[in-house]
Amino acid sequence: MAMHHRLAAGDESYGTVFVVTSSSDILPHQNARARRLISETLAESGIEVHTNSVVEAVEAQSLRLVSGGKLEFDHLVLATGVAPPTWLKHSGLALDERGFIVVNSSLQSVSHAKVFAVGDVASMQSHQLPKAGVYAVRQGPVLAENLRRALAGEPLRAYRPQRSALALIGTGERSAVAARGAFALKGNCVWRWKEWIDRRFVARYR
Ligand SMILES: Cc1cc2nc3c(=O)[nH]c(=O)nc-3n(C[C@H](O)[C@H](O)[C@H](O)COP(=O)(O)OP(=O)(O)OC[C@H]3O[C@@H](n4cnc5c(N)ncnc54)[C@H](O)[C@@H]3O)c2cc1C
């Protein structure tokens, strides 16, 4: 949506943006209201969404779909989500069905007690967490504490994830959608809120 917004601002006839996804709806991890708000924005912007479209191959200027269809493009942006490092397959560590390291509530590998994993590469046995930074950053202090405790031979601390996390999704026209639990809201005030949070976060590392 941001790309469409920027391109359309420079040239009305730049072409079409389309989104291809294998799932039956966009943003399957967000609530129904957030999905509706984003779908409406996509439709208003003229962005085509191709759901249930599994890509079989990327060719020079086209996508070949499992259904037999073909979608032609000038420029392609791949954003297919997080994948585990391939070397994990041969590590002997217990992995989930997608290949991420299975950890217990102490963030410790369930197969190798001396190995800890957090963030995107970890898969908690007790919770299905989205691969998002908001969870990774809160696991950090528990990991640090548990490494210290493991070395000292002390009982480990449990990490308890928050029940839901706030998502702020920019829609490209100085507007954004806020979603948490079953709640969703769209507007310029959400965009300004997102800008404030993002800029404040980045400024901490300058
Ligand atoms: C475009 C984009 C936007 C995102 N926006 C959000 C957002 O708004 N909110 C949110 O909560 N989350 C967001 N995420 C997800 C978030 O970035 C991740 O969940 C988070 O960074 C995971 O942290 P991590 O430390 O587990 O992994 P990473 O941040 O990926 O860090 C892993 C590190 O390990 C290093 N590494 C990998 N392999 C090796 C190796 N073999 N040897 C040495 N080093 C290695 C990598 O270089 C990297 O520095 C976004 C992700 C992307 C890609």
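The values are calculated or read from the model by the stated rules, or taken from the named source; none is laboratory data. Keep in mind the model is a prediction, meaning the values are calculated, not measured. Note that each Cβ is placed from the backbone with ideal geometry, even for glycine, and that neighbours are counted across all protein chains shown. Only protein heavy atoms, including side chains, enter the accessible area calculation; ligands, DNA and RNA are left aside. Shrake-Rupley method; radii C 1.70, N 1.55, O 1.52, S 1.80 Å.
So here's what we get for this one:
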{"read-out": "Around Ser62: net Lys/Arg minus Asp/Glu count, Cβ-Cβ under 13 Å", "value": "-2"}
{"read-out": "Nearest-10 value in Å² for the accessible area of Phe201, using the 1.4 Å probe", "value": "100"}
{"read-out": "Accessible-area ranking of His112, His4, His29, largest first, probe 1.4 Å", "value": "His29, His112, His4"}
{"read-out": "Sparse-neighbourhood loop sites, GluC sites (Glu not before Pro) in the stretch 1-98 - DSSP loop, at most 14 other Cβ within 10 angstrom", "value": "Glu12, Glu97"}
{"read-out": "Using distinct alpha-carbon pairs, which all enter the 1/r mean, Kirkwood radius of the stretch 86-152 in Å", "value": "12.1"}
{"read-out": "Total lysine pairs whose alpha carbons fall under 26 Å of each other in the chain (8 or more apart, or interchain)", "value": "6"}
{"read-out": "Estimated inter-spin distance, Arg36 and Arg64, nm [label 7 Å along Cα→Cβ]", "value": "4.1"}
{"read-out": "Label point 7 Å beyond Cα of His127 along Cβ direction - residues of the stretch 147-161 with amide nitrogen under 15 Å", "value": "157-161"}
{"read-out": "Net length gained if the chain between Leu166 and Arg204 were fully extended (0.36 nm per residue, minus Cα distance)", "value": "11.6 nm"}
{"read-out": "Whole-percent carbon and sulfur share, accessible surface of the stretch 86-152, 1.4 Å", "value": "56"}
{"read-out": "Under-5 Å amide H pairs with His50, H placed in peptide plane, nonlocal only", "value": "Val19, Val20, Thr21"}
{"read-out": "Helical mean residue ellipticity (222 nm; -39500 (n - 2.57) per DSSP H run of 4+; nearest 500) of the chain", "value": "-9500 deg cm²/dmol"}
{"read-out": "Solvent-accessible heavy-atom area per residue, rounded to whole Å², over the stretch 86-152 at 1.4 Å", "value": "59"}
{"read-out": "Loop sites in the stretch 99-196: GluC sites (Glu not before Pro), DSSP, at most 13 other Cβ within 10 Å", "value": "none"}
{"read-out": "Formal net charge of residues neighbouring Phe18 (Cβ-Cβ distance under 14 Å; K, R +1; D, E -1)", "value": "-2"}
{"read-out": "Amide hydrogen neighbours beyond the local backbone of Ser106, cut-off 5 Å, H modeled", "value": "Tyr159"}
